[in-house]
1. What is the Cα radius of gyration of segment 364-514 over 2.2 N^0.38 Å, N being its residue count?
2. State, in angstrom, two size descriptors of segment 506-548 derived from its alpha carbons: Rg to one decimal place and Dmax to the nearest whole number.
3. If the cut-off is 13 Å between C-alpha atoms, which aspartates and glutamates fall inside it for K657, apart from same-chain ones fewer than 8 positions away?
4. What share of Cα pairs, in percent, lie more than 18 angstrom apart in segment 675-727?
5. So what's the projected area for segment 633-771, the Cα convex hull averaged over all directions, in nm²?
6. Could you work out the per residue convex hull volume over the alpha carbons of segment 344-428, in cubic angstrom?
7. Please give the residues of segment 10-50, grouped as numeric ranges, whose backbone N is less than 18 Å from a label point set 7 Å along the Cα-to-Cβ vector of S320.
8. Around D393, under 13 Å between beta carbons, what's the net of Lys plus Arg minus Asp minus Glu among the other residues?
Amino acid sequence: MKRNTGGSLRHQVYWRLFSAFVLVALFGGVALLLAYQMLLQRTAQAAVEESVQYVKHSITQLKGNWQKNALEVKSQIDFMRIFGKSNEGSWLKLQAYFSRLEGQVGRFPSGVVTSSQGKVLFAFGPDGEDFGKQIDGNAHIPVWYYSAQRRTAFALIQAPLWLGDLGNGQIVFLQALDSSVLATLAPQDVRLLLVLNNRTIGSSRGSVDDDVAVNMGFSGTVSYDAMDAEQRPLQWFDNDLAAPQLLVQYAVREPLSRQLIFCSALALLALFTVVLWVAIGRWSTRVTRRIEYLSQATAQFAGSRHMSEPLKRLLHQAGSRPDEIARVAQSAHDLMQSIETFDHEQFAYLQTLEILEEGVVELDNQGVYLRASPGWSRLIGREVVTRSDTIFDALHPEEAPDFHKQLDQLFTGEKSSLVGRIRLHQGDKKELWVEYRFITGDEKGKLPTSVRGVLRDITQSYLLEKHISHMALHDALTELPNRILFEDRAAVALRTAQRKGTKVAVGFVDLDHFKNVNDQHGHKVGDQMLVALAQTLRASLRAGDTLARWGGDEFVVLLTDLSSAQDGREVMAKFAASCERPIQIDGNQFNVTCSMGVAIFPDDAETTEAMLSQADRAMFFAKEQGRNTIRFVSDIADRDQERRSLYIQNMLAKAIKQHKLQVWFQPIVDASTRRTIGCEALARWHDETYGWVSPATFIPMAENLGLIREVGQQVWAKTVENMSRWKRLGMELRMAVNVSRRQLFIPSFTTDLLDDLTRLDLSPSVIDLEITESVAMEDAEHTTKRLAELTACGFGIAIDDFGTGYSSLSQLHDMPATKVKIDISFVRRVHIPQGAQLIQAIVKIASAFNLQTVAEGVEDERTAAALHALGVNALQGYHFARPMAPEHFEEFLLQQR
């Protein structure tokens, strides 16, 4: 774009100012002249209106004076008794009277005397005879009369007159409306014209030009004596349009000439223009020069994109005064600095992109390259032609359609970014995997016209991740799925079967006498046998079935999409037949046999855990039947007890998953005072079919199902929640909670307990953790460390079922316990000498190690008294209270209080 010259703005300002000043001067002078003329006109109009009112008033006074004079003459005639009883000589007397009055000021020079019938009886004066001739015999006397001979109009003034024998008559006087009369009526600067039939017959200025026609209907400006005058018509004789009328003409005198006014206005405006020009002209010159500096600076920066010293000086000169131009100059300075910084950063970014392995691209909505970095060209192995090539040319054919759909979602606004992985191809080379991230490149609220993305080569990491994922889900030896993958596939298969109404079979496979192979031929041969057997078994399965290694010499098989249980039997029969094929290893032939147990969904169980447990039981049943055989759960569930056991196992697993276990509490009393000093939390389970199931039944089942940890966690959670509520009610007491072996050896066991207590504001010092003697003695070193950790945190440790675990005194001495609980089997024998001696020995041993003793299973007062006599510290049993639900136990405590 062509730039304007440096001085164009200043020239435009000068030209516009000059044009404005000329127009203001011209229109201002004309406006002032028009205003002056309007002022004169309004003044003249006001003056002529005032003059009209003055003339009207004067005419009224003049008519009154005439009427008064006429009455005086009539009175004098009556006083002189000119008309007596006889009219002889009366007219001569009257003639003499008017002759004597002739020439007197204010007297009428002419007139007539008429009878009551209008007959002219007498005429006097120069105009009386002519007037008498015209009205003789006319009973109605007009109010004016015009004498064509004398070209004079007369006003007629009438007065009644007694004529003696002739009766009443009247005398009519003629008053000439001449220049002298009009002169007495006209004020200064006013000329009165008497006009009849649009012809002037009288003037207040004396001279009359009867050749000049006068428009009586015009009111406005006229000219006389070389001056403008305002004219108004005025009737002398009311309601008689044929009578002579007056024209009032007011001379408009101009105090100053219009030329002088116009020239003066131009002179003043010219002076104002000069002053304004000096002020605005100098200021506009400075302003336009500063704008020129700013324009030159921007032009220089646009050419070089570098802030040189001359450019900075130009910006400094443009911002020399604190105004909007200075702020624009400062903004331009900041913008130029930002652009310069951005250019440096952009250059650095471009240099960085040159050395990075990542590819950076910008695409339009058709995938055409708008920009592409050198790194992307290196990734795809060829140069990119922008505005022509598309990114789809570099993608694997299988990836292109899906990526195209995702790219469309960016341009339609459905997504604002894309993240993922995709394959590239480089001709005959191996496939490359790249990780990409695309974002839209336009403002929010508008559909994007381009997207930008970063792509980097992740082929090595992808393959490594794929390998790690395979290792995490497969057995390293046999390449079969491991437990994690098997359980995931089993869960999917159960959901699908439930939706479709089909069946699923889960089989446990255990090699018979595999230990002998390892012992006789070594573990290497054993591993080779497992690999060969895994290949054989996997080849015998249908597509969609899964064979997994469970551990050691155990395998698990998953059969899906079975129409009936019989289909499962047929598939497993083929599977077992393949297991019987001899295996050749290093020239030796091995005949392998397997024991298999199979559970069917949903006949035998409804969850993956329950299915595995049932299949495991069936497999052990197969071993009991002589090995090398298949047993289905239905084969061992014919007996009522077995069926009940299977049902309880299934329902127990479901109850544990749904947190349906309850916690009841049994009080522990002081052996001396029989006051409640604590209680024990006991797990309880109510089944809808079998009612309350004994803990002696479902606790071992939970251990076999691997769910004892969940049972312990639920009992613990509900126990501490009740303790927290009782604490708020002011009912604090010591609580005993059973801990299983699996719970005890969880790494975070102690931390989890402390977190729950801290959350509920409870102290570990009021809790005894009960472990059985057998658990305490198993892996004694590890157990001792964990119990010492719990004791250090403030927990009490109670050895449950003491006396049944065959523990040594040295182990008991090293155990950080605080109390022992005497098993019910000893309590029941307290009344025989040997039993009493055994309990007394336990009490003495406990006392020697500073341990408290609690006797379980106290069912009567006799037993309680005997135990107290033997030195037992606390008692627990049905004699004091049975285990109670939390709400009932709470009522029990209130009664105790």
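1. Numbers: Rg = 22.2 Å, N = 151, 2.2 N^0.38 = 14.8 Å.
Compactness ratio reported: 1.50.
2. 12.2, 37
3. The qualifying aspartates and glutamates are E606, E609, E710.
4. Numbers: 611 of 1378 pairs.
The proportion of pairs with Cα distances above 18 Å equals 44 percent.
5. Details: hull surface 41.8 nm².
Mean projected area of the Cα convex hull: 10.5 nm².
6. Numbers: hull volume 9.6 nm³, N = 85.
Enclosed volume per residue, from the Cα hull, is 113 Å³.
7. Answer for this model: 10-11.
8. On the way: positive: R382; negative: E383, D389, E399.
Net local charge, D393 excluded: -2.
The values are calculated or read from the model by the stated rules, or taken from the named source; none is laboratory data. Source: prediction; values computed, not measured. Glycine also receives a Cβ, built like all others from the backbone with ideal geometry; neighbour counts cover every protein chain displayed. Calculation scope for accessible area: heavy atoms of the full protein, side chains included, ligands and nucleic acids excluded. Shrake-Rupley method; radii C 1.70, N 1.55, O 1.52, S 1.80 Å.
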